[in-house]
Amino acid sequence: MTIAPIRKKELNSSMRHSAAAWPTGALRYLIAATFTGFCLFPFYIIVTTALKTETAIFAWPPAWKFQPTLQSFHNALFVFGGRSVVFYLINSIVISAVSTLLAVVLGAMAAYGFARFSFAGKRQLAFWILSTRFAPPVAFIVPFYLMVQKVGLLDSHVALIIIYTGMNLSLVFWILQGFFAEIPIEIEEAALVDGYSRLQIFWRVAVPLVRPGIVSTAILSAVFSWNEFLYATVLTQSRAATLPVYLAGFSNSMGIAWGEYMAVGTIAVLPILCFSFVLQRHLVRGLSFGAVK
Amino acid sequence: MPRIEFKGVSKTYPDGTRALTDLNLAVEDGELLCLLGPSGCGKSSTIRALAGLETVSEGVILADNNRIDHLPPRVRDCAMIFENYALYPHLTAFENIAMPLRARRLPLAEIKLRVTEIARLLRIEPLLGRRPSRLSGGEKQRVGIGRALVREPAMFLMDEPLGHLEAYLRVELRSEIRRLQERLGITTIYVTHDQEEAAAIADRISVMNAGRLQQVGSFLDLYERPINRFVAEFIGEPPMVFLPVERTNADSIGTKGIPIPLSKSLRAALSVTKDSELILGVRPNDISIVAPAPEHLNGEVTLVQPQGDHSIAAVRTPLGSATVIVPSEERPSVGAAVGLVFATEGLHLFDSTARSLNREERSG
């Protein structure tokens, strides 16, 4: 008796929903498409400018149709004097990769410890880790510069790796703590009685189960390290300068060679784009579904 | 296989909850002992303490007279089966079963051999390549049992392993568990709140309540000679009927002027206590329904449930409600006035502290 009216109500609402579905759906796509276009347009300009000849770059009205050329890429890679873009590319890759790896490994271990064990001062400690992100990075630039100078690490990879790791650590820690806490405790108890130590459980059970979280935080950390400009420009000169530093200097020393500038910009985006695309397929939901009732 | 002994074990959780109080219990080599009790009675805490998943607050746990309560779980060599399966979701059924062997770094060929053997025993060979998310509840628990069996542990700990399964699967799997346990001769502690399951599977049953061990014995021991009112009420379905009675003489009782005849031994036991207010306990199948008469406890039938060859009737009496089992052909109709007669040999008496006087009868 009570079931019938509920069903009828459901039917009504679903009919109303489907009748209203077409305009809502189309509108939704329109908004999404507009937003995507808005975000991608500057990127489109960068890539097309890099592929244009100098005359096409300055043509007015803008040349939407043009004959693409790799001349700017060729110039950026092989013609310009001094260290080539490849040198800075390698710096960026080394610094981003190492700091991301460190941040994710250390952050994950800390997060697991905080999620699974209780100890004195746990909440205060967790809050302190978060507090490292309260102030804007520029507030730390002078103390950091002095410290790095004192230990003789100016213009070194190590200095940037340590700083980026520290900045990413709190992000990784806070995100992964939630992921670890969601693993049903029985799975780890099963591993304990199966004969595994806590550290083995961390690597063989907990980490595989929070893979989506690890991937997300790795992407976020890598993007941050890759794009970071402020610390890189203050703490490095040439030996350890990263791509953003090179890009910034590029426009000054050469005048503005727009084609080459945009070519380097395109090259700068490619590695991080590939990294994100490769990792993205691991962003699957519900890895721990089906473990427990 | 070790003999397990709990000596004065107490467990208090950090939030102040007292889970176990002074537990003294021995589990013999190769036996299957059931821990039976309502939820929150401390039965899970007991096996979790034994497995090493919980520390004990007081007392010691011994395996063949060696203390084990301070050891980490992985050296205690317990295999555990969990109520909610607790399989590794990122691993296939094969890898789930292989995990304890991998922890012991067995050679690959042997792992393969032993996992396939266990899978054949549990009839889950075709499922070995699947992840837990693609297994049904019964299949999951078979994998869970396989994971526990595969390494031939010193003891099995089963924490309501069949709790989440459908009724027919429970019956099927519990006989399978019993068969495997007897064949391997491994000391097993089996936690359940289902007395029928405990009766079907256990060598001995320990009844627990509110963190305290009440009584240990075979199902028939518990059924026929419950030590106190809790055990008497918990064991037996439908539960025992309890009626308040008064002492009318040194060795006789009655209620509302109706004398209740006692067996000779129970009369002797009655003289041991001085309590005048007592509780009479009687199993529903020790009560028969007769025509109402002044010398009987009379009442009105309020409910009749036919069960097949017998029926369960609820009778409202001035002393409280009584459940009666009657042969179906003699079942009364609802609203009928009836008299109740108790079988003298089936009576239990409990004193004011809810202890059974029938025990005095045995010792005296």
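Side notes on the structure shown:
- Every residue from region B:12-52 that is in contact with a strand residue (DSSP E or B) (Cβ under 8 Å, 6 or more places away or on another chain), within 14 Å of chain A (Cβ to nearest Cβ) and of a type outside the set (Phe, Trp, Tyr): B:44, B:45, B:47, B:48, B:49, B:50, B:51, B:52
- The condition (being over 15 Å from residue B:240 (Cα atoms), surrounded by 14 or more Cβ atoms within 10 Å (Cβ to Cβ) and touching a strand residue (DSSP E or B) at 6+ places or on another chain (Cβ under 9 Å)) is satisfied by just one residue among B:338, B:315, B:324, B:334: B:338.
- Answer residue from region B:65-100, given it is among the basic types (Lys, Arg) and within 11 Å of another protein chain (Cβ to nearest Cβ) and is surrounded by the most Cβ atoms within 10 Å (Cβ to Cβ) among those: B:76
- Residues that are within 24 Å of the chain's Cα centre (by Cα), within 12 Å of residue B:84 (Cα to Cα) and away from chain A (no Cβ under 11 Å) are absent from region B:121-137 altogether.
- Matching strands (runs of 3 or more DSSP E) fully within region B:292-364 where at least 2 residues are of a type in the set (Ser, Thr, Tyr) and not assigned by TED's automatic domain parsing to the domain that holds residue B:276: none
- The residues of region B:97-109 that are part of a helix (DSSP H, G or I) and either within 9 Å of residue B:128 (Cα to Cα) or touching a Gly at 6+ places or on another chain (Cβ under 7 Å) (or both), listed by number, are B:97, B:100, B:103.
- Residues that are touching a helix residue (DSSP H, G or I) at 6+ places or on another chain (Cβ under 8 Å) and either of a type in the set (A, V, I, L, M) or not assigned by TED's automatic domain parsing to the domain that holds residue B:187 (or both), drawn from region B:26-49: B:32, B:35, B:36
- Checked against the criterion of being among the β-branched types (Val, Ile, Thr), over 25 Å from residue A:171 (Cβ atoms) and surrounded by 14 or more Cβ atoms within 10 Å (Cβ to Cβ), the candidates A:93, A:45, A:57 yield just one match: A:57.
- Checking each residue in region A:192-207 for being touching a residue at least 12 places away in the same chain (Cβ under 8 Å) and facing chain B (nearest Cβ under 7 Å) picks out only A:205.
- Candidate set from region B:346-364 (those that are more than 20 Å from residue B:254 (Cα to Cα) and surrounded by fewer than 12 Cβ atoms within 10 Å (Cβ to Cβ)); member that is modelled with the highest pLDDT: B:362
- Residues of region A:243-293 satisfying the condition of being modelled with pLDDT under 75, surrounded by 12 or more Cβ atoms within 10 Å (Cβ to Cβ) and either within 14 Å of chain B (Cβ to nearest Cβ) or outside any helix (DSSP H, G or I) (or both): A:254, A:283, A:287, A:288, A:290, A:291, A:292, A:293
The values are calculated or read from the model by the stated rules, or taken from the named source; none is laboratory data. Given the structure is predicted, the values throughout are model-derived calculations rather than measurements. Glycine gets a Cβ as well: all are built from the backbone with ideal geometry, and neighbour counts include every protein chain shown.
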